[in-house]
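Peer 1: To start, I am sharing the structure in question, which I have written as C-alpha cells.
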Amino acid sequence: MALVTWAYLVYLALPIALLAVGSLGESWTNTLLPTGFTGQWFRAVLDDPSFVRAFWTSLRVTGTTCVVAALIGLPLAYAAVTTGRQSASRVVRLLMLVPVAAPEITLGFGFIIAFSTALTPWLGSFSLLVAGHVLLTLPYLVATLMNDMAALKLGEMEAAAGSLGAGFWRRFFDIIVPVSATSLLTGLVTVAAISIGEFQLSNLIAGFLDRTYPIVLLQAFYGATGFACAATVILLVLSLLTGTAAATLSAATHRETPA
Amino acid sequence: MSGKELRLQGCAKTYPDGTRALSPVDLRVDAGEIVVLLGPSGCGKTTLLRMVAGLDRPDEGGRVLLDGRDVTALPIEKRGVGMVFQSYALFPHMSVAGNIGYGLRVQGWSRKRRDERVAELLATARLEEFAGRRVDQLSGGQRQRVALARALAPGSGMILLDEPLTALDAGLREGLRAEIAAMIKAQGATALYVTHDQAEALTLGDRLVVMDKGRIAQVGAPRDVYYRPQSDYVAGFFGPVNRLSGRVEHGVFTTASGTLPVPGRPDGETVLAFRPEAAIVGQDGGLAFRVTNALFEGSRQRLDLEGPAGERLVAHAPGIRPYSPGDTVTIGIDPDGLLAPAGGADAVN
C-alpha cells in the first residue's frame, strides 16, 4: 500500500520536477538532464511582450470571472438552499452538472456557433471569454456554497434572525453574507484556480488580443525547451498558490461548521 | 412583560402535490402557558409550529391570531415570536452576548437598555462567564440555553421551540427540561413546544396536544392525557397499556387468572386497562401469572407475564428482587392506576 502511494507521488512529482530543472538548465538537447545553470529563460519570458500581455489578460479574466461568479453564485445557491422545496434544489444541482460533465470542446464549439451570428457577434470578445469561464467555474462555486449553507443550516439561522425582527435585507447583511463569507472565499479560490489554467474553451473562443496565458504557453513549446519550461513553471506556481489557498480556506470553513 | 395569547382557527395545510400535512386545527394557547405539540414524525406538529412562526401559510380560511390580532398574512419578522431550533441556529460570527442581544439591536433598543437586558438573560441562563465566548466554544446544552435566551430577549411574549433537546444526549436532556421550563416561566412567555419525546412533553407542558396523522388526537393536562387517554393511539403513545377482560360482580373482578376487589366498579362484563407501573407485583391474593421474560433496567425491571388463558401483561417491579422466566408471581392492580378514559371504559378496548 505504502509502495503504491510512493509510486504515485513520484509519478505525480516527476514531470513537475523536470519542468523546474529544465527551466533553470542552460541547454537540454539529447541528454537525460540539462547542463549548466541559468536564470536566462525566466528573464526571456518576462521580456516577451506576448507572454506579459497574456499573463495580465489571464489575471483580468480570472478576476472578472470571480466577481461575476460571486454575484450570480451567492444568490443562486442561497435561493436553492432556502426555497424549502427539495425539487428546486435538485434542479439547480442537476443543471450545475452540465458544464462539468460536458466535454469543454463541445461547449467551445457551441459558443462558436452561437456567438458568430449577425445577431450575436461576440465571438472573440473579452466579455464572452469571461462568460465562458463563469459557465465552467460556477458549478464548483455553487456546489461549495450550497453544501456549506446546508451544513450550517443557514435557513434556520435566517428564520431565527427573522423571528427576532430582522427583515430580508437586514438578514442578508447581518447573517447570510458573514456566515457564507468563508465558504464564498473558498469557492472563489477554486474558481480562480480553474480559470487561470483553463485552456480548451479559451483557445477556441478568445480573440487574438485577449489570449490567456495557457494559450500563449502552447506556442512556447515550438521554441527552446528551457523557455517553455520556465513559462510553464510560472503558471504552475500561480495555480499551486491558488490551489493551496483553496484547500486552507476549505479546512477553515469546515472547522466552523457546528457539530 | 406578559405572554401573548395564541389562537389557531381552522388552520389546515395542503401541499401543492395534494398531500394533506394538516387537517383543519383549532387550538387556543393561553397567555403564559406552555403547550407541547407531541407526536411521531410526520404528524403535522412542525407544520403547525411553522404556521405560527410565519414560515408556512395555512390553507385558505385558516387564521392565526396573537392577542386577538390576525397575523396570518404577516411574515416572520413582523410577528414577534422567538424561535428555538434543534440545531440551535446560533450566529457563528457573534459572541454569546452578541447572539442574545441581536434581536434588541434589530429592534433599536438603546445601548444601555440592551446591555442590561443581555446581562439579565445571561444570569437567567447561567451563562455570565461565557458572555464574550464564541458560540462554537460552548457545549450543546449551553448553546441551547443561549438560543433560548436570544429568543426570549426581546420580550415578545411568544416562544416557539422545535425539538430543542433532541440533539442532546439523554442525561443532559433531563436536566435541561426543567431549566427550559423555568426560563420560559420566569420571563412570563407563552410557549409552543414541539417534541416527539413523551417524557419531555409530560415534564414540560402545562397542556399537551397529542397529534396523529395531521389531526389533534387529544388535548389535555399531562396527567389527563396519560391516565385518561381518549383513544388507543393516545394510550399507546405513552407506553404499553395492559388490558384484562373479565366480569365484575358486587365489587369483585373475576378473570381467568383469579379475582381482585374493584370497589365501586359497576357490575357486568368489563375490561381493566392499566399501565405497567400500576401492576403490583407480589401482592397477596392477586392474580396468578407466569413470568415469560424479565428485563433488568436498574431501578426497575420489566416483566413480561402470561396468564392461564394466554392473556399477556407487562408489569414493572422494583429492580432489587431478581425474577426469571418460569417464575410464578401474583399481580394486584393499584385502583388509582386504572385508566379511566373520558369516553368511557370501552374506548380503551
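Condition check ((1) buried (at least 23 other Cβ atoms within 10 Å of the Cβ); (2) at pLDDT below 95; (3) within 14 Å of another protein chain (Cβ to nearest Cβ)) across all residues:
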| residue | (1), (2), (3) |
| --- | --- |
| B:ALA149 | yes, no, yes |
| B:GLY171 | no, yes, no |
| B:ALA191 | yes, no, yes |
| B:ARG207 | no, no, no |
| B:PRO240 | no, yes, no |
| B:ARG243 | no, yes, no |
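Peer 1: Could I ask something else about it? Kindly provide the set of residues from the range A:166-185 that are surrounded by fewer than 22 Cβ atoms within 10 Å (Cβ to Cβ) and outside any helix (DSSP H, G or I), ordered by number.
Peer 2: Residue satisfying the conditions is A:GLY167 alone.
One line per residue, one yes/no per condition, for (1) farther than 18 Å from A:ASP174 by Cα; (2) in a helix (DSSP H, G or I); (3) in contact with a Cys (Cβ under 8 Å, 6 or more places away or on another chain):
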{"position": "B:ASN99", "(1), (2), (3)": "no, yes, no"}
{"position": "B:TRP109", "(1), (2), (3)": "no, no, no"}
{"position": "B:GLU120", "(1), (2), (3)": "yes, yes, no"}
{"position": "B:GLY132", "(1), (2), (3)": "yes, no, no"}
{"position": "B:GLN142", "(1), (2), (3)": "yes, yes, no"}
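Peer 1: So which residues in the range B:73-86 are at the interface with chain A (Cβ under 7 Å from one of its Cβ atoms) and either of a type in the set (A, V, I, L, M, F, W, C) or in contact with a strand residue (DSSP E or B) (Cβ under 9 Å, 6 or more places away or on another chain) (or both)?
Peer 2: Scanning the range B:73-86 gives B:ILE76, B:VAL81, B:GLY82, B:MET83, B:PHE85.
Peer 1: Residues in the range A:49-57: is at least one over 23 Å from the mean Cα position of the chain (by Cα) and part of a helix (DSSP H, G or I)?
Peer 2: Yes.
Peer 1: One residue is enough: does the range B:186-194 have a residue meeting the conditions among the hydroxyl-bearing types (Ser, Thr, Tyr), touching a Gly at 6+ places or on another chain (Cβ under 9 Å) and in the same structural domain as B:LEU148 (by TED's automatic domain parsing)?
Peer 2: Yes, that holds for at least one residue.
Peer 1: Tell me yes or no: at least one residue of the range B:100-111 is under 27 Å from B:LEU49 (Cα atoms), away from chain A (no Cβ under 13 Å), more than 28 Å from the chain's Cα centre (by Cα) and surrounded by 18 or more Cβ atoms within 10 Å (Cβ to Cβ).
Peer 2: Checked the range B:100-111: no residue is under 27 Å from B:LEU49 (Cα atoms), away from chain A (no Cβ under 13 Å), more than 28 Å from the chain's Cα centre (by Cα) and surrounded by 18 or more Cβ atoms within 10 Å (Cβ to Cβ).
Peer 1: Answer with yes or no whether A:VAL233 is within 17 Å of the chain's Cα centre (by Cα), touching a residue at least 40 places away in the same chain (Cβ under 8 Å) and in a helix (DSSP H, G or I). Full working, then the answer.
Peer 2: Values: within 17 Å of the chain's Cα centre (by Cα): no; touching a residue at least 40 places away in the same chain (Cβ under 8 Å): yes; in a helix (DSSP H, G or I): yes.
For A:VAL233, the condition - within 17 Å of the chain's Cα centre (by Cα), touching a residue at least 40 places away in the same chain (Cβ under 8 Å) and in a helix (DSSP H, G or I) - is not met.
Peer 1: Checking B:ALA89 against (1) closer than 20 Å to B:VAL29 by Cα; (2) within 26 Å of the chain's Cα centre (by Cα): exactly one of these is not met. Which one?
Peer 2: (1)
Peer 1: A:ALA70 fails exactly one of the following numbered conditions: (1) under 27 Å from the mean Cα position of the chain (by Cα); (2) in a loop (DSSP other than H, G, I, E, B); (3) among the aliphatic types (A, V, I, L, M). What is the number of that condition?
Peer 2: It is condition (2) that A:ALA70 fails.
Peer 1: Checking A:LEU188 against (1) within 14 Å of chain B (Cβ to nearest Cβ); (2) buried (at least 16 other Cβ atoms within 10 Å of the Cβ): exactly one of these is not met. Which one?
Peer 2: The number of the failed condition is (1).
Peer 1: If you go through the range A:133-156 one residue at a time, do you hit one that is at the interface with chain B (Cβ under 7 Å from one of its Cβ atoms) and among the β-branched types (Val, Ile, Thr)?
Peer 2: No, the range A:133-156 contains no residue that is at the interface with chain B (Cβ under 7 Å from one of its Cβ atoms) and among the β-branched types (Val, Ile, Thr).
Peer 1: Checking A:GLN200 against (1) buried (at least 20 other Cβ atoms within 10 Å of the Cβ); (2) modelled with pLDDT of 90 or more, only one condition comes out false. Which one?
Peer 2: (1)
The values are calculated or read from the model by the stated rules, or taken from the named source; none is laboratory data. Predicted model only: the values in this text are computed from it and were never measured. With ideal geometry, Cβ positions are generated from the backbone for all residues, glycine too; neighbour counts draw on all protein chains shown.
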